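Below: the structure, in structure tokens.
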Amino acid sequence: QVQLAESGGGLVQAGGSLRLSCAASGHTFSMYVMGWFRQAPGKEREFVATINRSGGSTDYADSVKGRFTISRDNAKNTVYLQMNSLKPEDTAVYYCAADARGYARRDDYASWGQGTQVTVSS
């Protein structure tokens, strides 16, 4: 399986921005559909964004649409999540996920990273 490592989390004030990165290793990155998920304290993990193998198709949760942008650089084996206009309710551990099957989708991923904490203060 592909190994994933997230970075870029931290503490930011409401209205600010962060860019998360997820570096993949072990397999051909361009074979994988990639996704970002998050889990806030006491809540279930939820879908945030997904991108297909080429980067030409994306999908977002309604809660982040227009504020977050997922992208990938297959030459660098990295997927990104640009987060703008952050809100306190965006506070969570953010995970990237990868799967070699099918199309960009909102669930059913085989490989997961360890997560990176994002905290948005009001």
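The values are calculated or read from the model by the stated rules, or taken from the named source; none is laboratory data. The structure presented is a predicted model; accordingly, all values stated were derived computationally and were not measured. We place every Cβ from the backbone using ideal geometry, glycine too, and count neighbours over all the protein chains shown. These accessible areas exclude ligands, DNA and RNA; they are computed on the full protein's heavy atoms, side chains included. Shrake-Rupley method; radii C 1.70, N 1.55, O 1.52, S 1.80 Å.
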Q: Give the residue that is most open to solvent (accessible area, probe 1.4 Å), with candidates limited to residues of the stretch 53-62 that are part of a loop (DSSP other than H, G, I, E, B) and touching a Phe, Trp or Tyr at 6+ places or on another chain (Cβ under 9 Å).
A: 53
Q. For the stretch 40-52, does any single residue satisfy the condition of being at pLDDT 95 or above, polar (S, T, N, Q), surrounded by fewer than 19 Cβ atoms within 10 Å (Cβ to Cβ) and within 11 Å of the chain's Cα centre (by Cα)?
A. no
Q | Residues of the stretch 66-110 satisfying the condition of being hydroxyl-bearing (Ser, Thr, Tyr) and farther than 14 Å from residue 50 by Cα | A | 85, 91
(Q) Take residue 49 and tell me if it is assigned to a loop (DSSP other than H, G, I, E, B) and within 18 Å of residue 6 (Cα to Cα). (A) no
**Q.** Extreme residue, modelled with the lowest pLDDT, among residues of the stretch 75-89 that are more than 13 Å from residue 118 (Cα to Cα) and either hydrophobic (A, V, I, L, M, F, W, C) or touching a Gly at 6+ places or on another chain (Cβ under 9 Å) (or both)
**A.** 75
Q. From the set of residues in the stretch 63-111 that are aromatic (Phe, Trp, Tyr) and surrounded by 18 or more Cβ atoms within 10 Å (Cβ to Cβ), which is farthest from residue 4 (Cα to Cα)?
A. 68
